[in-house]
Structures are given as C-alpha cells and as structure tokens.
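Below is one structure, written out as structure tokens; comments come after it.
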Amino acid sequence: MLDLIGVSLKLPRKGADPLVVLDEVTFTAPSSHVLGIVGPTLSGKTTLLEILAGIQPPTIGSVLWNGRETRKHPLHPNQIGFVPSGDEDILPQLTVRENIISALMLRVEGITPDAAQDKAAKLLILTGLETVARKRFKLLSLAQKRRTKMAVALVSDPAVVLCDSFTDRLDARSGRELAALLKEVAADHPARLVIHATDDLSDIDCHDSVLLLHDGFSCYHGPVRAIVHYFSIKTPMELFARLAQRPGSRWGESWARHRDSYYKAFKLGTAPDKLAAASENDESADPDRVRLPQESQEEPPVDETSSADGSSKTELGAVTSSTVAAVPSLALQTRHLIKRRWTVLRRTRHEWILLLSLLLGSPLLVILLIAPNVESLRAAASAANETVLSPDELWPAAFTCLAGVFVQTLLVLFASVRLGAREIAADRRVFERERVGGLSSAAYVLSKLALVLPLSFIQAFSMGILVEMSIGGFPGHGIARLTLLILSGVAFSLLCLGISANSRTKERAYGFAMTLLFGNVMVSGAILGLPRVLGSVIQPFSTAYYGWSGSIDSMHSTPVFGPMTQLVPTWFASPAFAVIMLILHAAFGLALLLAGLRKRRRI
C-alpha cells in the first residue's frame, strides 16, 4: 500500500515567493490497483511521479510504502518500474528484444543468457510485442514504442509501476488497448500498484481510482464514476472545463473537507474488491449517482493490515523485500554498457564513417600541408645549428614546424569535439531512466570513458606516427610531441564530456564545445603571440596552447627554434610543464563530468 501524507514541493525563486508545484497532496492506494493521476497541463502530475520514483525529494510531507517512510527506508531500485513520456529514453538502434534484455542485464544480478531470453519472451507476450521483437525501436509505431517502454520497465518485476502519459496522443483503438494493458500489468503481480499520470480524459475509465490535480492541489481522489457527482457535471469529459472555474487552491480546500467522507464511502486504502460506493447497496438509487453515508452511520471496522491477496501489510512487505532481485555489480554494469555502446556505434553508420574519415583524413591533411617543405624539414632535423642552413631552408622549415604542429593539435581537438560533445547529452534520458532502476553513475561514466578515451588516443597516436613516418620526423624530441598530442586529445575529450553532461540537448553541447575549440585556437598563441601579461592570464585555460607550445619547446635545441620565436613572439611552455597542465585540464573535465551527472534531470 502506498500512502502520501501532506506532500508539497516548493521551488525557491530569486526575488519572488517560492514556486508551489505541489501543495499538501494526500492520498492512499492499495496493491493490485491502477491509480490515475489526472489533471491539466502543468498541474504537477509528472513532478508527483518523480517524487514517487525518488528522483525529486518533496519539500515537506511523507511517502509511505507498506507503512514505512521511504526517506528512511527507500524502495529498492528494482521495486520501481518507470515508464516516462517521450521516446528518447529507449535506444533506437536496438531491437525490441535487445532493449528488454539490456534492461535485464543492468537491473537483475546473476541472470543467465537463457533466463534472460525466457524473461524477455514472457514480457513480449504480456505487452503484445512478440510479432515485432526483432524490429528496431526507431521503426515502431507510437503504440508499439509505448509497449516496449512498459516491457523494459517490468524486467525486475517491480511492485510500483509509474507511467507518464502512457495512453496520451494515440488513436482511439490504441488508447483502449494500452489502457487495458495497464490493467493486465497490475494484475500480473500480486503486490503491484500501477500509477498512470495523464491529461487525456478519453480513457479515464481504465483506472480503479483517480487522483485529480489542479495547479498542484489535490482536488479529488476516488472512483471515476463519482467524479460527476462530486463536480456536478454530466460526464468526465467536462472535468477540465469545470476545474477552470475556480483556482486550484479553492478546489483543494473543498476536497480537504470532503476527503474523509469519500474515503469512508469508497473504502479507499483497502482491497480493490471493496472499492464500492455506498449507493450500490441501495437498489432504488440512480446507478450514475453516488450517495455518501450519513455522518452518524457506523462504518464496519476495516482491517488496516489487509492487502489485496489477504496477507498482512507486514507479511506483504517481507515477501516483497525478500524477492527483490539484486542489482548487478559495478563491473557487470560497466561491461554491459561498453558492449551495448559499441553495438550502437556499429549500427550508426554515419557515426563510424565519420570516425574513420577523421582517423584517416586528418593525418593526410597534415602531410599535404607540410609536403612542399619536406626537404627543408629534413635538412633542419639533421643540421647541428642555424649557420649550417641557408635562409631558404631555415625559414620555411621553421614556419612548417609551427603550422604543422598547430594543425595537428587543432585536428586532434576537433576529433575530441566529435567524440565527446554529444556523447552524454544525446542519451541523457536513457541514463536517467536506467538510474531510477539502479544503474550506477560510476558504471555509466566508466563506459563513456572506455569509448571516448581509446578513440581519442588512437586518433592522436595514428596522426603523430603517420606524420612522423611520412616526413622523417620533425626536429626535436618526437616522443615528447607524441605524448603532448595524445594528452591534448584526452584532456579536450574529457572537457567535452563534461560539457555534454551539463547540457540539456546534444545541439547545445556541440555548439558550446565548438565555441570552446574556437576560443582555444584564438588564444593558443599559434596565430598571434599575446603580450606576456595577458597571455599568463588567458593561456592557462587553453588546452590547445599547452599541446602546441609544449611541442614547439621540444625543438628548443634545434636550429628552427630561434626563427620560430621570431615568427610568433610568445612564451612557450616546457614539455614537462605542458604535460602537468594538460593533466589538470583532464582532471577538470572529469570533475565537470561527475558534477553534471550528479544533477538529476527530468526524464
């Protein structure tokens, strides 16, 4: 049994009174029950679901499950199944069956491949998806997508299933079928409560009881057929128009006065088979009219410990807690996420084609840039001092070193933007849904690092090696330059992941990352040397500066270094100092990534 007692959520606002999202919401709902949370847009329905899911803590009030306060005794992640609105919380590249099995591998410990297939088959039958099991999610109809999301939410046999807009914006037939599915899901588990938030009144009859919200206030809770009695309307379809006649606060005050009488009449909080109006005992009563009992009428004692199946709340809680599947370990979740991400990458054709293009095309671009002056570079690499080289060899070699290293660094940073900027923002809703089900944030971070960092390393390493092999090597220490090139890519990839974790959309993340890249180019000193005082303030924030200038300083003992300092009059960081700063940039990016994932986002 679920009980909410005086749950309110008030969000602080600068220079104004707090925004009241929910105000003193109180209701109770038993197991084997479908509760509808109904109300107009912005009435607080989704926020209430997020409170029940543990995503958003209430400002005041209590949420009790089987009599236990969830703040002190939170529900196990596998006791909650969340079906959010929208389609961005399911991976479109995977099939229906693969999405179900993926959810199983992340939520249920110790499940074997055969057991996972069997469980997936049962869920496909329950949700009516067996005929499209091999079809990719992105190719499904809207109703089939909703069914898939329900199947994914049910993999751990949750006791509470939270659905947001599950039957909304569908054709009449699909809406009726999904409304019937809510009933089937509630009946499929002896201790399951299904809660459905909706603003669609066409399928309101599918709920065993309805909690009505308006402006964050609870205005009614009871059977659907009593709504017309309480609000003095002819049909439930007139409900929202009736609500608009008064502010939510007045409806809330009115319901607070009548709630106890209605709860007595309908025996809310007890077994579903006792959810009957007192008027049903009066054969002469209008079947469409609900009569409340007189205040003096004696109500039969209700066994508050009874549940839908006759067991006590204590027993039911014990059974539920003992049968909850454990969440897989950090290592198992990480391994599965890595495997799944590579599968998604392999099936996203334009993504891996772009990665291959960058991997092969970037070194080729640098080679073409420096090809006209290869002989000058080789002469500079073999010369002992500047006097051995003629000006016709020295100055072209110096310029080619400056430009070649700068373009290398720039291309590595651009590849880092392509790798990291969209990576988290693109599937943030998937992560938030899976986090409700027990996914470890650490496993998610490790899986992203396991994809982005190796690709960044390969990109930088292949570029450095191919360029060195094609020209015979830049003057100076090749290992130092290769190390700095790799560190530049890794550091900027982590910065882009941090930006992605703090951005609401992948477009905004990519735009901000590209702006940061452009800023790095401008202040790196490769185009125009900055005054020493200004450079000392700006350059510590530039990843490109340390990757480029450290590589240039690695040529300090070569003939081309003197001319390079005249071509670009700036301060060059030593390779050792550049390595330290790039490590600090990488650490900052990782911290930004962790901070961004710590913030819960609306699914």
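The angle separating the long axis of helix 330-347 from the principal Cα axis of greatest extent in the chain is about 70 degrees.
Angle, helix 391-420 long axis vs. longest principal axis of the chain, Cα atoms, 0 to 90°, nearest 10? Helix 391-420 sits roughly 10 degrees off the main axis of the chain. Only one residue of Met237, Leu52, Leu170 has its Cα farthest out toward the positive end of the dipole of the chain, where Lys and Arg carry +1 and Asp and Glu -1 on Cβ, and that residue is Leu170.
Per the Debye formula on identical point scatterers at the alpha carbon atoms of the chain, with no solvent, log10 I(q)/I(0) at q = 0.06, 0.12 Å⁻¹ is -0.45, -1.12.
Report, in debye and to the nearest 20, how large the dipole of region 1-133 comes out about its Cα centre when Lys and Arg carry +1 and Asp and Glu carry -1 on their Cβ. Before the final figure, lay out each step's value.
Numbers: 11 positive and 14 negative charges, 71 e Å.
About 340 debye.
Relative to the Cα centre, the charge distribution of the chain, modelled as +1 at Lys and Arg Cβ and -1 at Asp and Glu Cβ, gives a dipole magnitude of about 1120 debye. What is region 325-438 by shape, rounded, prolate or oblate, if you read a ≥ b ≥ c off the alpha carbon gyration tensor as root eigenvalues and call it rounded for a/c under 1.5, prolate for a/b larger than b/c, and oblate otherwise? Cα axes put region 325-438 in the prolate bin. The separation of region 577-597 from region 446-470, counted between C-alpha centres, amounts to 18 Å.
In a simple Cβ point-charge model (Lys, Arg +1; Asp, Glu -1; nothing else charged), region 121-193 has a dipole of about 360 debye relative to its Cα centre.
Kindly rank 42-54, 120-132, 235-247 from highest to lowest mean number of other beta carbons found within 10 Å of each residue.
Numbers: 42-54: 22.8, 120-132: 17.7, 235-247: 14.7.
Descending packing order for the listed peptides: 42-54, 120-132, 235-247.
A Förster radius of 35 Å, combined with the Cβ-Cβ distance separating Asp87 from Leu360, puts the computed FRET efficiency at roughly 0.50.
The length gained on full extension between Lys72 and Glu238, counted as 0.36 nm times the residue separation minus their Cα-Cα distance, comes to 55.6 nm. Among rounded, prolate and oblate, which fits region 121-201 when a ≥ b ≥ c are the square roots of the eigenvalues of its C-alpha gyration tensor, a/c under 1.5 means rounded, and a/b larger than b/c means prolate? Note, shape of region 121-201 comes out oblate. Placing His196, His350 in order of accessible area, with the largest value first and a 1.4 Å probe, yields His350, His196.
Whole number in Å², please: accessible area per residue of the chain, 1.4 Å probe, ligands, DNA and RNA not counted. Please report the intermediate quantities before stating the final value.
On the way: 26760 Å² over 603 residues.
Accessible surface, normalised per residue, equals 44 Å².
Could you sort out which of Lys10/Lys234; Lys119/Lys267; Lys448/Lys599; Lys45/Lys149; Lys10/Lys264 sit more than 28 Å apart by Cα distance in this structure? Cα-Cα > 28 Å for Lys10/Lys234; Lys119/Lys267; Lys10/Lys264; rest within. Ignoring ligands, DNA and RNA, what percent of the accessible area of the chain is carbon or sulfur (1.4 Å)? Carbon-and-sulfur percentage of accessible area, whole number: 59. Given a Förster radius of 22 Å and the C-beta distance between Asp260 and Ser62 as r, what FRET efficiency does 1/(1 + (r/R0)^6) yield to the nearest 0.05? According to the calculation, E is roughly 0.75. Only helical runs count toward this figure. For the chain, summing -39,500 (n - 2.57) over DSSP H runs of n ≥ 4 and dividing by all residues gives -17000 deg cm²/dmol at 222 nm. Can you find, among Leu402, Ser416, Ser447, the residue farthest towards the positive end of the dipole of region 377-534? Put +1 on the C-beta of Lys and Arg, -1 on that of Asp and Glu. The residue sitting most towards the positive pole is Ser447.
The values are calculated or read from the model by the stated rules, or taken from the named source; none is laboratory data. Note that this is a predicted model, so its numbers are computed, not measured. Don't worry about glycine lacking a Cβ; one is built from the backbone with ideal geometry, like all the others, and counts go over all protein chains shown. When the accessible area is computed, the model is the full protein with side chains, heavy atoms only, and any ligands, DNA or RNA have been set aside. Shrake-Rupley method; radii C 1.70, N 1.55, O 1.52, S 1.80 Å.
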